[in-house]
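The values are calculated or read from the model by the stated rules, or taken from the named source; none is laboratory data. Predicted model, so just to flag it, every value in this text is computed and none were measured. Here the Cβ is made from the backbone with ideal geometry for all residues, glycine too, and neighbour counts use every protein chain on show. Keep in mind that these areas ignore ligands, DNA and RNA; they rest on the heavy atoms of the full protein, side chains included. Shrake-Rupley method; radii C 1.70, N 1.55, O 1.52, S 1.80 Å.
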Amino acid sequence: MDFSLTEEQTLILQTAREFSAREIAPKAAELDKSGRWPSEIIPKLAELGFLGMAIPEQYGGAGLDVLSYALAMEEVSAACASCGVIMSVNNSLFCDPLYKFGTEEQKRTILAPVARGEKLGCFGLTEPMSGSDAQTMVTSAEKTKDGWVINGAKNWITNGPHADFILVFAVTEKVDAGPGRPPKLKHTAFVVPKGTQGYSQNPHDHKLGIHAAHSCTVFFENCHVLDSAVVGGVGDGFKVAMATLDGGRIGIASQALGIAKSALGSSVSYAKERKSFGVVIAEHQAIQFKLADMAVELEAARLLTWRAASMKDRGVRHSMESAEAKLYASEMATRVAHRAIQIFGGYGYSTEFPVERNYRDARITEIYEGTSEIQRIVIAAGLLRS
Ligand code: CAA
(Lines give C-alpha, C1' and ligand atoms only; values in the text may rest on other atoms or scores of the structure.)
Protein backbone atom coordinates (compact mmCIF):
# COMPACT_ATOMS: atom_id res chain seq x y z
CA MET A 1 0.00 0.00 0.00
CA ASP A 2 1.38 3.39 -1.00
CA PHE A 3 0.89 6.11 1.60
CA SER A 4 2.87 8.75 -0.28
CA LEU A 5 1.19 11.92 -1.46
CA THR A 6 1.24 13.02 -5.09
CA GLU A 7 3.17 16.12 -6.10
CA GLU A 8 -0.09 18.08 -6.24
CA GLN A 9 -1.22 16.88 -2.80
CA THR A 10 2.20 17.76 -1.34
CA LEU A 11 1.92 21.23 -2.83
CA ILE A 12 -1.57 21.72 -1.35
CA LEU A 13 -0.30 20.54 2.04
CA GLN A 14 2.64 22.98 1.96
CA THR A 15 0.48 25.84 0.74
CA ALA A 16 -2.14 25.21 3.42
CA ARG A 17 0.53 24.88 6.13
CA GLU A 18 2.37 28.07 5.18
CA PHE A 19 -0.82 30.05 4.67
CA SER A 20 -2.30 28.89 7.99
CA ALA A 21 0.89 29.66 9.90
CA ARG A 22 1.18 33.12 8.33
CA GLU A 23 -2.42 34.32 8.04
CA ILE A 24 -4.49 32.36 10.55
CA ALA A 25 -2.45 31.14 13.53
CA PRO A 26 -1.41 34.64 14.70
CA LYS A 27 -5.10 35.59 14.95
CA ALA A 28 -6.50 32.38 16.44
CA ALA A 29 -6.32 33.35 20.13
CA GLU A 30 -7.90 36.74 19.46
CA LEU A 31 -10.67 35.17 17.34
CA ASP A 32 -11.39 32.74 20.16
CA LYS A 33 -11.44 35.47 22.82
CA SER A 34 -13.49 37.99 20.86
CA GLY A 35 -15.69 35.43 19.14
CA ARG A 36 -15.70 37.60 16.05
CA TRP A 37 -16.36 36.17 12.59
CA PRO A 38 -13.05 35.89 10.67
CA SER A 39 -14.22 38.06 7.79
CA GLU A 40 -10.68 38.93 6.68
CA ILE A 41 -9.60 35.26 6.48
CA ILE A 42 -12.51 33.89 4.45
CA PRO A 43 -11.68 35.80 1.22
CA LYS A 44 -8.09 34.56 1.52
CA LEU A 45 -9.30 30.97 1.82
CA ALA A 46 -11.40 31.65 -1.26
CA GLU A 47 -8.39 33.01 -3.16
CA LEU A 48 -6.56 29.72 -2.52
CA GLY A 49 -9.55 27.77 -3.81
CA PHE A 50 -10.13 26.29 -0.34
CA LEU A 51 -13.87 26.96 -0.25
CA GLY A 52 -14.76 24.66 -3.13
CA MET A 53 -11.77 22.37 -3.24
CA ALA A 54 -13.23 19.19 -4.75
CA ILE A 55 -15.65 20.94 -7.12
CA PRO A 56 -14.66 20.96 -10.81
CA GLU A 57 -13.27 24.23 -12.14
CA GLN A 58 -16.22 24.66 -14.52
CA TYR A 59 -18.45 25.15 -11.45
CA GLY A 60 -16.10 27.55 -9.67
CA GLY A 61 -14.13 24.95 -7.69
CA ALA A 62 -10.44 24.15 -7.49
CA GLY A 63 -10.89 20.76 -9.18
CA LEU A 64 -8.83 18.94 -6.55
CA ASP A 65 -9.37 15.57 -4.90
CA VAL A 66 -10.95 14.85 -1.51
CA LEU A 67 -7.61 13.85 0.01
CA SER A 68 -6.23 17.32 -0.82
CA TYR A 69 -9.28 18.78 0.88
CA ALA A 70 -8.58 16.65 3.99
CA LEU A 71 -4.95 17.81 4.01
CA ALA A 72 -5.91 21.48 3.77
CA MET A 73 -8.66 21.08 6.38
CA GLU A 74 -6.14 19.62 8.85
CA GLU A 75 -3.71 22.50 8.38
CA VAL A 76 -6.32 25.26 8.58
CA SER A 77 -7.89 23.62 11.66
CA ALA A 78 -4.50 23.23 13.35
CA ALA A 79 -4.22 27.01 13.19
CA CYS A 80 -7.87 27.77 14.00
CA ALA A 81 -10.60 25.17 14.38
CA SER A 82 -13.29 27.82 13.80
CA CYS A 83 -11.86 28.66 10.37
CA GLY A 84 -11.69 24.90 9.73
CA VAL A 85 -15.39 24.30 10.27
CA ILE A 86 -16.44 27.36 8.27
CA MET A 87 -14.44 25.90 5.39
CA SER A 88 -15.75 22.38 5.99
CA VAL A 89 -19.42 23.37 5.98
CA ASN A 90 -19.01 25.33 2.75
CA ASN A 91 -17.12 22.51 1.00
CA SER A 92 -18.75 19.37 2.33
CA LEU A 93 -22.25 20.34 3.38
CA PHE A 94 -23.12 22.84 0.70
CA CYS A 95 -20.92 22.58 -2.42
CA ASP A 96 -20.70 18.78 -2.44
CA PRO A 97 -24.48 18.08 -2.46
CA LEU A 98 -25.13 20.92 -4.92
CA TYR A 99 -22.57 19.37 -7.25
CA LYS A 100 -23.82 15.81 -6.75
CA PHE A 101 -27.58 16.42 -6.76
CA GLY A 102 -28.11 19.93 -8.16
CA THR A 103 -29.49 20.83 -11.57
CA GLU A 104 -27.24 22.39 -14.19
CA GLU A 105 -28.90 25.76 -13.49
CA GLN A 106 -28.27 25.43 -9.72
CA LYS A 107 -24.64 24.51 -10.41
CA ARG A 108 -24.08 27.52 -12.64
CA THR A 109 -25.94 30.12 -10.61
CA ILE A 110 -25.58 28.95 -7.00
CA LEU A 111 -22.78 26.41 -6.70
CA ALA A 112 -20.23 28.36 -8.77
CA PRO A 113 -20.20 31.58 -6.67
CA VAL A 114 -20.21 29.53 -3.43
CA ALA A 115 -17.36 27.28 -4.60
CA ARG A 116 -15.39 30.40 -5.61
CA GLY A 117 -16.00 31.74 -2.11
CA GLU A 118 -17.80 34.85 -3.31
CA LYS A 119 -20.88 33.57 -1.48
CA LEU A 120 -21.20 31.27 1.54
CA GLY A 121 -23.37 28.23 2.12
CA CYS A 122 -24.84 26.42 5.11
CA PHE A 123 -26.79 23.21 5.79
CA GLY A 124 -30.11 23.01 7.64
CA LEU A 125 -30.95 19.54 8.91
CA THR A 126 -30.98 19.69 12.72
CA GLU A 127 -34.02 21.02 14.55
CA PRO A 128 -34.71 21.97 18.17
CA MET A 129 -36.31 18.55 18.78
CA SER A 130 -34.48 16.36 16.24
CA GLY A 131 -30.72 16.05 16.00
CA SER A 132 -29.58 12.43 15.95
CA ASP A 133 -32.98 11.16 14.86
CA ALA A 134 -32.89 13.39 11.82
CA GLN A 135 -35.80 11.74 9.98
CA THR A 136 -38.28 12.97 12.58
CA MET A 137 -37.87 16.64 11.65
CA VAL A 138 -41.06 18.71 11.71
CA THR A 139 -40.09 21.38 9.19
CA SER A 140 -42.47 20.87 6.30
CA ALA A 141 -42.89 22.05 2.74
CA GLU A 142 -46.35 22.18 1.16
CA LYS A 143 -46.74 22.06 -2.59
CA THR A 144 -48.22 25.10 -4.34
CA LYS A 145 -48.92 25.60 -8.03
CA ASP A 146 -45.41 26.73 -8.93
CA GLY A 147 -43.36 25.76 -5.89
CA TRP A 148 -43.36 25.07 -2.16
CA VAL A 149 -44.09 26.84 1.12
CA ILE A 150 -41.61 25.95 3.87
CA ASN A 151 -42.41 26.26 7.58
CA GLY A 152 -40.23 25.32 10.53
CA ALA A 153 -37.00 26.03 12.41
CA LYS A 154 -33.48 24.63 12.16
CA ASN A 155 -30.82 25.07 14.79
CA TRP A 156 -27.06 24.89 15.35
CA ILE A 157 -26.65 26.02 11.74
CA THR A 158 -22.93 26.64 11.32
CA ASN A 159 -22.31 29.65 9.02
CA GLY A 160 -26.06 30.37 9.39
CA PRO A 161 -25.78 34.04 10.40
CA HIS A 162 -23.54 34.87 7.43
CA ALA A 163 -24.50 32.37 4.73
CA ASP A 164 -25.95 33.56 1.42
CA PHE A 165 -27.68 30.21 0.82
CA ILE A 166 -29.02 27.38 2.96
CA LEU A 167 -29.57 23.81 1.85
CA VAL A 168 -32.61 22.99 3.97
CA PHE A 169 -34.46 19.71 4.47
CA ALA A 170 -38.22 19.48 4.97
CA VAL A 171 -40.94 16.84 5.16
CA THR A 172 -42.90 16.87 1.90
CA GLU A 173 -45.01 13.74 2.30
CA LYS A 174 -46.38 11.50 5.06
CA VAL A 175 -47.04 7.99 3.82
CA ASP A 176 -49.46 5.81 5.75
CA ALA A 177 -47.46 2.92 7.25
CA GLY A 178 -50.40 0.84 8.43
CA PRO A 179 -52.55 0.63 11.56
CA GLY A 180 -50.88 1.73 14.80
CA ARG A 181 -47.66 2.76 13.08
CA PRO A 182 -46.43 6.34 12.64
CA PRO A 183 -46.54 7.56 9.04
CA LYS A 184 -43.32 7.20 7.03
CA LEU A 185 -41.90 10.65 6.32
CA LYS A 186 -40.57 11.61 2.92
CA HIS A 187 -38.18 14.54 2.81
CA THR A 188 -36.98 16.95 0.16
CA ALA A 189 -33.94 19.24 0.01
CA PHE A 190 -34.32 22.88 -1.05
CA VAL A 191 -31.76 25.59 -1.68
CA VAL A 192 -32.94 28.93 -0.32
CA PRO A 193 -31.15 32.28 -0.74
CA LYS A 194 -30.82 34.63 2.21
CA GLY A 195 -33.28 37.46 1.79
CA THR A 196 -36.10 35.20 0.62
CA GLN A 197 -39.27 36.41 2.30
CA GLY A 198 -40.07 34.25 5.33
CA TYR A 199 -36.48 33.04 5.85
CA SER A 200 -34.78 34.66 8.86
CA GLN A 201 -31.84 34.07 11.20
CA ASN A 202 -31.37 34.53 14.94
CA PRO A 203 -28.20 36.12 16.32
CA HIS A 204 -25.35 33.65 16.75
CA ASP A 205 -25.17 31.04 19.51
CA HIS A 206 -22.71 31.15 22.42
CA LYS A 207 -20.71 27.94 22.69
CA LEU A 208 -17.94 26.21 24.64
CA GLY A 209 -15.50 26.37 21.72
CA ILE A 210 -15.09 27.26 18.03
CA HIS A 211 -16.13 30.77 19.06
CA ALA A 212 -15.42 32.41 15.70
CA ALA A 213 -17.50 29.90 13.74
CA HIS A 214 -20.95 31.35 14.15
CA SER A 215 -24.00 29.12 14.28
CA CYS A 216 -27.60 30.12 14.83
CA THR A 217 -31.24 29.08 14.66
CA VAL A 218 -32.98 29.89 11.38
CA PHE A 219 -36.69 30.16 10.73
CA PHE A 220 -38.97 29.50 7.78
CA GLU A 221 -42.33 31.20 8.08
CA ASN A 222 -44.50 30.69 5.01
CA CYS A 223 -41.31 30.87 2.99
CA HIS A 224 -42.25 30.44 -0.65
CA VAL A 225 -39.70 28.96 -3.06
CA LEU A 226 -40.09 27.90 -6.68
CA ASP A 227 -39.86 24.32 -7.94
CA SER A 228 -36.37 25.19 -9.17
CA ALA A 229 -35.23 25.30 -5.50
CA VAL A 230 -35.56 21.51 -5.12
CA VAL A 231 -32.15 19.78 -4.90
CA GLY A 232 -32.25 16.10 -5.90
CA GLY A 233 -35.60 14.39 -6.34
CA VAL A 234 -38.77 15.27 -4.44
CA GLY A 235 -38.91 12.69 -1.62
CA ASP A 236 -35.16 11.92 -1.82
CA GLY A 237 -34.05 14.53 0.72
CA PHE A 238 -33.06 12.16 3.50
CA LYS A 239 -30.71 10.28 1.20
CA VAL A 240 -29.25 13.58 0.01
CA ALA A 241 -28.63 14.52 3.66
CA MET A 242 -27.08 11.17 4.58
CA ALA A 243 -24.83 11.01 1.51
CA THR A 244 -23.75 14.59 2.22
CA LEU A 245 -22.84 13.71 5.80
CA ASP A 246 -20.72 10.78 4.57
CA GLY A 247 -18.50 13.45 3.03
CA GLY A 248 -18.94 15.97 5.84
CA ARG A 249 -17.61 13.50 8.38
CA ILE A 250 -14.29 13.38 6.50
CA GLY A 251 -14.12 17.16 6.91
CA ILE A 252 -14.80 16.98 10.64
CA ALA A 253 -12.33 14.10 11.10
CA SER A 254 -9.74 16.32 9.39
CA GLN A 255 -10.67 19.22 11.65
CA ALA A 256 -10.11 16.93 14.66
CA LEU A 257 -6.71 15.90 13.24
CA GLY A 258 -5.74 19.57 13.03
CA ILE A 259 -6.78 20.28 16.62
CA ALA A 260 -4.83 17.25 17.88
CA LYS A 261 -1.81 18.13 15.78
CA SER A 262 -1.78 21.59 17.31
CA ALA A 263 -2.05 20.20 20.86
CA LEU A 264 0.73 17.66 20.23
CA GLY A 265 3.01 20.26 18.62
CA SER A 266 2.59 22.65 21.57
CA SER A 267 3.20 19.79 24.01
CA VAL A 268 6.46 18.71 22.35
CA SER A 269 7.79 22.30 22.35
CA TYR A 270 6.77 22.90 25.95
CA ALA A 271 8.25 19.60 27.13
CA LYS A 272 11.63 20.60 25.70
CA GLU A 273 11.62 23.94 27.55
CA ARG A 274 9.92 23.44 30.90
CA LYS A 275 12.09 22.08 33.69
CA SER A 276 11.21 20.05 36.76
CA PHE A 277 13.36 18.05 39.15
CA GLY A 278 16.49 19.47 37.51
CA VAL A 279 15.77 18.40 33.91
CA VAL A 280 13.49 19.44 31.07
CA ILE A 281 10.23 17.56 31.47
CA ALA A 282 10.80 15.84 28.10
CA GLU A 283 13.32 13.69 29.95
CA HIS A 284 10.65 12.24 32.23
CA GLN A 285 9.15 9.02 30.95
CA ALA A 286 5.76 10.13 32.29
CA ILE A 287 5.84 12.89 29.65
CA GLN A 288 7.47 10.79 26.93
CA PHE A 289 4.79 8.10 27.21
CA LYS A 290 2.05 10.69 26.92
CA LEU A 291 3.67 12.23 23.84
CA ALA A 292 4.14 8.80 22.26
CA ASP A 293 0.51 7.83 22.82
CA MET A 294 -0.67 11.17 21.43
CA ALA A 295 1.45 10.72 18.29
CA VAL A 296 0.30 7.14 17.65
CA GLU A 297 -3.36 7.97 18.06
CA LEU A 298 -3.06 11.02 15.82
CA GLU A 299 -1.37 8.99 13.10
CA ALA A 300 -3.96 6.19 13.34
CA ALA A 301 -6.78 8.74 13.01
CA ARG A 302 -5.04 10.30 10.03
CA LEU A 303 -4.83 6.96 8.24
CA LEU A 304 -8.53 6.29 8.83
CA THR A 305 -9.36 9.76 7.51
CA TRP A 306 -7.17 9.44 4.44
CA ARG A 307 -8.68 6.04 3.68
CA ALA A 308 -12.21 7.46 3.78
CA ALA A 309 -11.09 10.42 1.63
CA SER A 310 -9.47 8.16 -0.94
CA MET A 311 -12.62 5.99 -1.08
CA LYS A 312 -14.69 9.10 -1.75
CA ASP A 313 -12.20 10.03 -4.47
CA ARG A 314 -12.69 6.60 -6.05
CA GLY A 315 -16.48 6.99 -5.92
CA VAL A 316 -16.89 4.01 -3.59
CA ARG A 317 -19.55 4.12 -0.85
CA HIS A 318 -17.73 5.19 2.30
CA SER A 319 -20.46 5.66 4.93
CA MET A 320 -18.86 3.23 7.35
CA GLU A 321 -15.28 4.38 6.73
CA SER A 322 -16.21 8.06 7.17
CA ALA A 323 -17.99 7.20 10.40
CA GLU A 324 -14.95 5.25 11.63
CA ALA A 325 -12.66 8.16 10.79
CA LYS A 326 -14.92 10.75 12.42
CA LEU A 327 -15.54 8.64 15.53
CA TYR A 328 -11.90 7.85 16.14
CA ALA A 329 -10.45 11.22 15.13
CA SER A 330 -12.88 13.26 17.23
CA GLU A 331 -12.47 11.18 20.39
CA MET A 332 -8.72 11.10 19.77
CA ALA A 333 -8.61 14.91 19.55
CA THR A 334 -10.30 15.24 22.94
CA ARG A 335 -7.89 12.71 24.49
CA VAL A 336 -4.85 14.37 22.93
CA ALA A 337 -5.90 17.86 24.05
CA HIS A 338 -6.67 16.49 27.53
CA ARG A 339 -3.15 15.04 27.77
CA ALA A 340 -1.67 18.27 26.43
CA ILE A 341 -3.24 20.20 29.30
CA GLN A 342 -1.79 17.66 31.74
CA ILE A 343 1.69 18.14 30.26
CA PHE A 344 1.36 21.92 30.58
CA GLY A 345 0.04 21.60 34.16
CA GLY A 346 -1.39 24.88 35.52
CA TYR A 347 -0.36 26.75 32.37
CA GLY A 348 -2.44 24.33 30.33
CA TYR A 349 -5.51 25.47 32.19
CA SER A 350 -4.72 29.10 31.47
CA THR A 351 -5.82 30.99 28.37
CA GLU A 352 -2.18 32.06 27.94
CA PHE A 353 -1.46 28.84 25.99
CA PRO A 354 -3.45 27.35 23.11
CA VAL A 355 -4.05 23.90 24.60
CA GLU A 356 -7.12 24.94 26.58
CA ARG A 357 -8.61 26.23 23.31
CA ASN A 358 -7.71 22.94 21.63
CA TYR A 359 -9.54 21.11 24.41
CA ARG A 360 -12.69 23.23 24.08
CA ASP A 361 -12.60 23.14 20.28
CA ALA A 362 -12.08 19.37 20.15
CA ARG A 363 -15.25 18.60 22.09
CA ILE A 364 -17.68 19.66 19.36
CA THR A 365 -16.12 17.27 16.85
CA GLU A 366 -17.65 14.45 18.92
CA ILE A 367 -21.08 16.01 18.49
CA TYR A 368 -21.72 17.78 15.20
CA GLU A 369 -22.30 15.98 11.90
CA GLY A 370 -23.42 13.00 13.98
CA THR A 371 -22.46 12.27 17.59
CA SER A 372 -20.03 9.48 18.42
CA GLU A 373 -23.06 7.34 19.24
CA ILE A 374 -24.48 7.93 15.74
CA GLN A 375 -21.13 7.04 14.16
CA ARG A 376 -21.23 3.75 16.08
CA ILE A 377 -24.74 3.10 14.73
CA VAL A 378 -23.53 3.73 11.16
CA ILE A 379 -20.48 1.49 11.68
CA ALA A 380 -22.56 -1.32 13.20
CA ALA A 381 -25.08 -1.04 10.34
CA GLY A 382 -22.22 -1.40 7.87
CA LEU A 383 -20.87 -4.45 9.72
CA LEU A 384 -24.25 -6.12 9.89
CA ARG A 385 -24.96 -5.42 6.21
CA SER A 386 -21.74 -7.16 5.08
N1 CAA B 1 -26.29 7.40 1.79
C2 CAA B 1 -27.43 7.24 1.06
N3 CAA B 1 -28.60 6.79 1.60
C4 CAA B 1 -28.59 6.51 2.92
C5 CAA B 1 -27.45 6.65 3.73
C6 CAA B 1 -26.26 7.11 3.11
N7 CAA B 1 -25.13 7.26 3.81
N8 CAA B 1 -27.76 6.30 4.99
C9 CAA B 1 -29.05 5.93 4.99
N10 CAA B 1 -29.55 6.06 3.72
C11 CAA B 1 -30.92 5.73 3.29
C12 CAA B 1 -31.27 4.30 3.65
O13 CAA B 1 -30.85 3.40 2.65
C14 CAA B 1 -32.78 4.35 3.77
O15 CAA B 1 -33.34 4.31 2.49
P16 CAA B 1 -34.74 3.50 2.23
O17 CAA B 1 -35.78 4.24 3.03
O18 CAA B 1 -34.93 3.63 0.74
O19 CAA B 1 -34.50 2.11 2.71
C20 CAA B 1 -33.01 5.76 4.33
O21 CAA B 1 -31.84 6.54 4.01
C22 CAA B 1 -33.22 5.76 5.83
O23 CAA B 1 -32.08 5.13 6.40
P24 CAA B 1 -32.10 4.55 7.89
O25 CAA B 1 -33.32 3.68 8.04
O26 CAA B 1 -30.76 3.98 8.18
O27 CAA B 1 -32.35 5.89 8.72
P28 CAA B 1 -32.52 6.13 10.28
O29 CAA B 1 -33.67 7.00 10.51
O30 CAA B 1 -32.40 4.85 11.01
O31 CAA B 1 -31.25 7.08 10.61
C32 CAA B 1 -29.01 7.67 11.18
C33 CAA B 1 -29.98 6.78 10.37
C34 CAA B 1 -27.64 7.16 10.82
C35 CAA B 1 -29.22 7.58 12.68
C36 CAA B 1 -29.22 9.13 10.70
O37 CAA B 1 -30.43 9.68 11.14
C38 CAA B 1 -28.09 10.06 11.12
O39 CAA B 1 -27.00 10.07 10.52
N40 CAA B 1 -28.34 10.87 12.16
C41 CAA B 1 -27.40 11.92 12.56
C42 CAA B 1 -27.69 13.17 11.82
C43 CAA B 1 -26.53 14.08 11.81
O44 CAA B 1 -25.39 13.68 11.57
N45 CAA B 1 -26.80 15.35 12.04
C46 CAA B 1 -25.78 16.35 12.01
C47 CAA B 1 -26.38 17.60 11.48
S48 CAA B 1 -25.37 18.48 10.42
C49 CAA B 1 -24.38 19.47 11.36
O50 CAA B 1 -23.94 19.13 12.40
C51 CAA B 1 -24.16 20.76 10.68
C52 CAA B 1 -23.21 21.72 11.15
O53 CAA B 1 -23.57 22.86 11.19
C54 CAA B 1 -21.76 21.40 11.33
What nm distance separates the two modelled labels at E47 and E283, each placed 7 Å from Cα along Cα→Cβ? 4.7
With springs only between Cα atoms under 10 Å apart, run a GNM on the chain and tell me which of A271, A189, A62 wobbles the most. A271
Any chance you could give the angle, 0 to 90 degrees and rounded to 10, that helix 285-313 forms with the longest Cα principal axis of the chain? 30
Stokes-Einstein D for region 7-119 (20 °C, 1.002 mPa s, Kirkwood Rh from Cα pairs), in µm²/s, comes to 153
Computed from the beta carbon distance with a Förster radius of 41 Å, FRET efficiency for D176 and A29 to the nearest 0.05 stands at 0.15
Whole-Hz couplings from phi, Karplus 6.51/-1.76/1.60, listed for region 205-221; x for Gly and Pro: 6, 10, 10, 5, x, 5, 4, 8, 8, 7, 10, 7, 8, 10, 10, 10, 10
Principal axis box of region 239-385, alpha-carbon based, largest edge first, Å: 59, 24, 24
Please give every one of the lysines within straight-line cross-link reach of K119, meaning a C-alpha to C-alpha distance under 20 Å, and leave out same-chain neighbours fewer than 8 residues apart. K44, K100, K107, K194
Taking Cα atoms of the chain, Rg/Rh with Kirkwood Rh, to two decimals? 0.99
K186 versus Q135, label points 7 Å from Cα toward the beta carbon: distance in nm? 1.5
Which lysines does K275 reach when only Cα atoms under 20 Å apart count, and residues fewer than 8 places away in its own chain are ignored? K290
1/(1 + (r/R0)^6) with r = Cβ-Cβ of A292 and S200, R0 = 45 Å, i.e. FRET efficiency to nearest 0.05, evaluates to 0.30
Those trypsin sites (Lys or Arg not before Pro) from region 231-321 that are DSSP loop and have at most 14 other Cβ neighbours within 10 Å turn out to be R314, R317
Quick calc, R36 & E273: beta-carbon distance into FRET formula, R0 35 Å, rounding 0.05, result 0.65
Loop-located GluC sites (Glu not before Pro) in region 1-89, at most 12 other Cβ atoms within 10 Å (DSSP): E40
For every other residue with a beta carbon closer than 10 angstrom to the beta carbon of S77, add +1 if it is Lys or Arg and -1 if Asp or Glu, then tell me the sum. -2
State, to one decimal in nm, how far the label point of A21 lies from the label point of E299, with both points 7 Å from Cα in the Cβ direction. 2.1
Decide, for region 1-62, between rounded, prolate and oblate: order the square roots of the alpha carbon gyration tensor eigenvalues as a ≥ b ≥ c, take rounded if a/c falls under 1.5, and otherwise choose prolate if a/b is larger than b/c, else oblate. oblate
Compute the separation of the alpha-carbon centres of region 301-340 and region 80-155 and state it in Å as a whole number. 23
Just check region 252-309 against the gyration tensor rule for me: Cα atoms, a ≥ b ≥ c as the square roots of the eigenvalues, rounded for a/c under 1.5, and otherwise prolate or oblate depending on whether a/b exceeds b/c. prolate
So what's the back-of-envelope 222 nm ellipticity for the chain, counting only DSSP H runs of four-plus at -39500 (n - 2.57) apiece and dividing by all residues, rounded to 500? -15000 deg cm²/dmol
For the chain, report the accessible area per residue in Å² (1.4 Å probe, heavy atoms, rounded to an integer). 44
Aspartates and glutamates with Cα under 12 Å of K239, excluding same-chain neighbours fewer than 8 positions away: none
Over all directions, what mean area does the Cα convex hull of region 122-234 project, stated in square nanometres? 7.9
Kindly work out what percent of the DSSP beta bridges joining two residues of the chain are antiparallel, to the nearest 5. 85
